[in-house]
Number of protein chains: 2
Amino acid sequence: MPESSAPAHRKRADARRNMETLLDVAAAAFLTGGVHVPVREIAAQAGVGVGTYYRHFPTRADLVIAVYRHQIEACAEAGPRLLAGSDTAHAALASWIDLFVDFLITKHGLAEALRSDDATFQTLHAYFLERLVPVCADLLTAAASAGEVRADVTAYELMRGVGNLCIGANSDTGYDARRLVSLLIGGLRQQ
Amino acid sequence: MPESSAPAHRKRADARRNMETLLDVAAAAFLTGGVHVPVREIAAQAGVGVGTYYRHFPTRADLVIAVYRHQIEACAEAGPRLLAGSDTAHAALASWIDLFVDFLITKHGLAEALRSDDATFQTLHAYFLERLVPVCADLLTAAASAGEVRADVTAYELMRGVGNLCIGANSDTGYDARRLVSLLIGGLRQQ
DNA sequence: CGCTAAACGGAACGTCGTTCCGTATGGTGG
DNA sequence: CCACCATACGGAACGACGTTCCGTTTAGCG
């Protein structure tokens with residue numbers, strides 16, 4: 001059985017095709033127009049109706065997650081590796097945050113969406129937090145128990161802060177999110 | 001001539017009345033619904049048509065500025081005062097940033113709007129930057145020339161960073177913008 | 001080959017920002 | 001006191017958008 005994990009029942013071939021086309025089109029559209037490109041635009045470029053769009057991705061969060069899942073997983077998996085391979089836990093934390101920032105600032109409107117209180121993005125928040133906060137927490141507690149950073153900041157708060165600093169990082173020459181994040185991480189140090 | 005500074009030609013009484021009603025209604029609506037409350041809602045609560053709304057405040061930025069102008073001016077004017085009355089320039093900078101943060105986090109959606117690339121908010125960005133960046137720059141250069149903070153961060157960048165950290169600060173009980181901002185300001189210190 | 005569940009397409013609805021023009025009215029000169 | 005008109009008003013109308021819904025098509029199986 002060389003098929004992927006689809007135990008219950010297969011999807012129709014056209015359904016699978018349309019879903020993959022939508023994913024490809026969305027990935028391209030996100031690059032140029034950000035994660036808020038109109039539904040009709042994506043559907044039209046994929047050659048499907050809006051009904052098909054919504055059937056495959058009921059909320060914009062579902063589409064965004066599907067497009068970026070691989071990169072987010074890669075970022076999450078890099079955490080333990082960095083912790084094992086760095087001189088200090090603080091260095092590992094800084095490196096990992098850099099990875100996260102690099103990911104975020106290249107995605108038009110993603111950092112904004114993570115802060116949006118729009119109900120259609122709730123799943124997106126949840127996924128990011130579920131996947132990345134534990135990784136960050138491990139790095140943070142390692143650095144804290146080594147006495148390298150202060151212990152009164154939670155991983156959740158740190159992630160939110162770093163994410164916030166990435167908002168508007170593209171489309172604003174004159175604003176260097178990386179520099180501000182490194183300032184923030186520096187401020188985390190135990191003096 | 002006991003009238004305020006209206007040299008050219010007076011406005012009609014109903015026009016002035018409607019504008020003030022709109023301002024009052026908007027101030028109240030911003031408190032509960034944020035700066036994105038629908039135009040129709042504000043107009044209806046003020047008992048005017050949407051045409052009247054747009055005549056007085058062509059863009060949302062105009063309305064937001066009109067509502068918050070006093071507070072922004074007060075913040076701007078506090079800068080030099082704090083610089084004169086503080087022990088160190090860094091302390092003055094920190095105090096002033098606190099004022100700014102206190103202002104921002106109590107305004108639903110304002111920090112988000114400052115980062116929005118929506119054309120209707122352009123005037124808002126411009127006003128904030130025009131009014132506050134110079135004040136911040138004075139504090140920052142004072143601290144930098146005293147050797148208290150690093151000199152490779154611009155006032156613009158710092159303001160943007162602090163503003164970003166205030167996004168979503170209300171409506172998120174696990175996120176303390178003040179703490180993260182103080183971390184950032186701490187990271188600014190010359191070690 | 002025919003049948004049916006699965007999937008499709010896009011018209012239609014509600015919300016919102018914004019524009020526009022026919023109507024009403026405040027203030028002034030006679 | 002009145003008539004006039006610049007000023008201001010109101011809300012219908014338009015376009016963009018997210019979302020829903022249902023009549024139609026089609027893939028896959030027996």
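The residues of chain B have, on average, 50 Å² of accessible surface per residue, using a 1.4 Å probe with all protein chains present.
Each other copy places its own label point for A:Leu129 at 3.3 nm from this one, sorted shortest first, where the point lies 7 Å along the Cα-to-beta carbon line. For A:Val149, the residues 5 or more places off, or on other chains, whose built amide H falls under 5 Å of its own are A:Ala144, A:Gln190. Rounded, prolate or oblate for the protein assembly as shown? Axes are the square roots of the Cα gyration tensor eigenvalues, ordered a ≥ b ≥ c, and the cut-off for rounded is a/c under 1.5. Judged from the Cα gyration tensor, the protein assembly as shown comes out oblate (a/c at least 1.5, b/c at or above a/b).
In this simple spin-label approximation, A:Thr141 and B:Gln45 carry label points 7 Å from Cα along the Cα→Cβ vector, and these lie 4.5 nm apart. The loop-placed GluC sites (Glu not before Pro) in region A:1-105, going by DSSP, that have at most 10 neighbouring Cβ atoms within 10 Å of their Cβ come out as A:Glu3.
A Förster radius of 51 Å combined with the Cβ-Cβ distance from A:Arg12 to A:Thr88 puts the calculated FRET efficiency at roughly 0.45. Count Lys and Arg as plus one, Asp and Glu as minus one, and take only other residues whose Cβ is under 13 Å from that of A:Asp118; the net charge is then -1.
Annotation for A:Gly147, label-to-label distances across the other copies: 2.8 nm (shortest first, one decimal, point 7 Å from Cα along Cα→Cβ).
Chain B contacts chain A over a buried accessible area of about 2200 Å², both sides summed; the probe is 1.4 Å and only protein chains count.
What does the net charge come to around B:Ala144 if you take all other residues with beta carbon closer than 14 Å to its beta carbon, with K and R at +1 and D and E at -1? Local charge sum for B:Ala144: -2.
Of the GluC sites (Glu not before Pro) found in region A:108-191, no site is in coil according to DSSP while having at most 12 other Cβ atoms within 10 Å of its Cβ. Shielding value for A:153-165 is 5, the average number of Cβ atoms from other chains within 10 Å of each residue's Cβ.
Inter-part distance, region A:82-100 to region B:144-191, computed on C-alpha centroids, equals 22 Å.
Each copy carries a label point for B:Ala27 at 7 Å from Cα toward Cβ; from one copy, the others' points are 5.3 nm away, ordered from shortest.
Its DSSP H runs of at least 4 residues, each contributing -39,500 (n - 2.57), put the calculated 222 nm mean residue ellipticity of chain B at -22500 deg cm²/dmol, to the nearest 500. Which percent of the accessible heavy-atom area of the protein assembly as shown goes to carbon and sulfur, probe 1.4 angstrom? Here carbon and sulfur together make up 54 percent of the probe-accessible area. Tally Lys/Arg at +1 and Asp/Glu at -1 over every other residue whose Cβ is under 15 Å from the Cβ of A:Leu83; what's the total? Once all neighbours under 15 Å are counted, the net charge is -4.
In chain A, the beta carbon lying closest to the axis that superposes A onto B belongs to the residue given here with its whole-angstrom distance, A:Gly187, 2.
The values are calculated or read from the model by the stated rules, or taken from the named source; none is laboratory data. Remember, predicted model here, so these are calculated numbers, not experimental data. We place every Cβ from the backbone using ideal geometry, glycine too, and count neighbours over all the protein chains shown. For the accessible areas, the whole protein counts, side chains as well, though only heavy atoms, and no ligand, DNA or RNA atoms are used. Shrake-Rupley method; radii C 1.70, N 1.55, O 1.52, S 1.80 Å.
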